[in-house]
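Structure first, then comments.
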Amino acid sequence: MSDTFPNPLTMNRRRALGVMSAFSVLGASLLTGCDDSQTAESLTNSVSDSETVSATTTTTSGSCVLIPQETEGPYPLTAVLSNSAMVRKDITEGKGGVPLTLKIKLVDVNNACQPVTQASIYVWHCDKDGVYSGYAQPGTNTVGQTFCRGIQDVDENGEVTFTTIYPGWYSGRITHIHFQVFLFSGSVATATSQIAFPQEVTQAVYNSLLYVAKGQNTSVTSFARDNVFSDGTTYQMATLTGSTSEGYLATLDVGIAV
């Protein structure tokens with residue numbers, strides 16, 4: 001891994017954040033606010049077997065096409081890019097929910113979709129109740145918190161893997177995860193986009209015990225009605241495998257131009 005991390009907020013980013021990859025190598029268990037003792041089993045809490053819904057949903061992810069650029073939204077909390085403690089695999093910070101392993105692979109559309117190995121990826125999303133860390137929101141204030149956010153350098157295969165929970169929903173948006181790609185050679189995001197999830201999986205998750213109190217998304221019921229995904233999700237739809245009781249693996253190949 002590289003010993004640099006691009007931080008658009010800090011001119012001396014390489015010197016200030018040169019320790020980040022060292023944190024990555026040592027593991028998320030050494031980082032503030034990261035609890036690697038949580039396993040997929042513990043995160044499910046009391047999800048019962050009766051609520052198990054399996055999924056093996058295949059998409060067209062991996063095609064050699066530029067990832068669509070999207071808004072970073074109202075809760076990017078870009079200040080965390082200068083915080084070495086945010087370089088971590090496990091981003092749950094104790095948040096309960098259906099376990100989700102998120103694997104993103106970067107490929108270069110200008111080089112026959114070969115892996116991009118000199119880049120970092122920042123991901124963020126809401127918790128199971130639709131709340132983001134780091135902001136005052138209707139009914140809650142999470143300023144100073146950093147759950148469901150993390151940064152990693154891609155490996156030699158162009159991949160990063162995050163341990164998190166299946167995101168909930170909030171008024172005005174369908175289920176999604178935000179991410180940004182930073183090349184080591186640049187100081188601003190090369191790509192800003194969002195990951196979509198198959199509706200049948202999302203509906204199963206929201207019927208499970210940990211999500212049922214809030215229930216299904218009555219605000220945005222289809223991708224066509226979502227202000228980000230209404231133009232299509234072909235290159236942003238994650239491939240999902242797993243179940244509500246065992247957790248899910250979500251994978252997406254992300255094309256960028258290097």
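Just one residue in the set GLY144, GLY134, GLY139 is surrounded by fewer than 23 Cβ atoms within 10 Å (Cβ to Cβ) and touching a Leu at 6+ places or on another chain (Cβ under 6 Å); that residue is GLY134.
Taking the stretch 96-126 as the range and being farther than 30 Å from SER208 by Cα and in a loop (DSSP other than H, G, I, E, B) as the test, the residues that pass are VAL109, ASN110, ASN111, ALA112, CYS113, VAL116, THR117, GLN118.
Scanning the stretch 234-258 for residues being part of a strand (DSSP E or B) and farther than 19 Å from LEU66 by Cβ gives a total of 8.
Of all residues in the stretch 176-202, those satisfying the criterion of being β-branched (Val, Ile, Thr) and either under 22 Å from LYS128 (Cβ atoms) or buried (at least 24 other Cβ atoms within 10 Å of the Cβ) (or both) are ILE177, ILE195, VAL201, THR202.
Of the listed requirements (1) more than 17 Å from SER193 (Cβ to Cβ); (2) at pLDDT 95 or above; (3) among the hydrophobic types (A, V, I, L, M, F, W, C); (4) surrounded by fewer than 22 Cβ atoms within 10 Å (Cβ to Cβ), ILE91 misses just one: (4). So, in the stretch 147-175, of the ones that are hydroxyl-bearing (Ser, Thr, Tyr) and surrounded by fewer than 22 Cβ atoms within 10 Å (Cβ to Cβ), which residue ends up nearest to ILE91 (Cα to Cα)? Result: THR161.
The values are calculated or read from the model by the stated rules, or taken from the named source; none is laboratory data. Worth saying up front: this structure is predicted, and the values here are computed from it rather than measured. With ideal geometry, Cβ positions are generated from the backbone for all residues, glycine too; neighbour counts draw on all protein chains shown.
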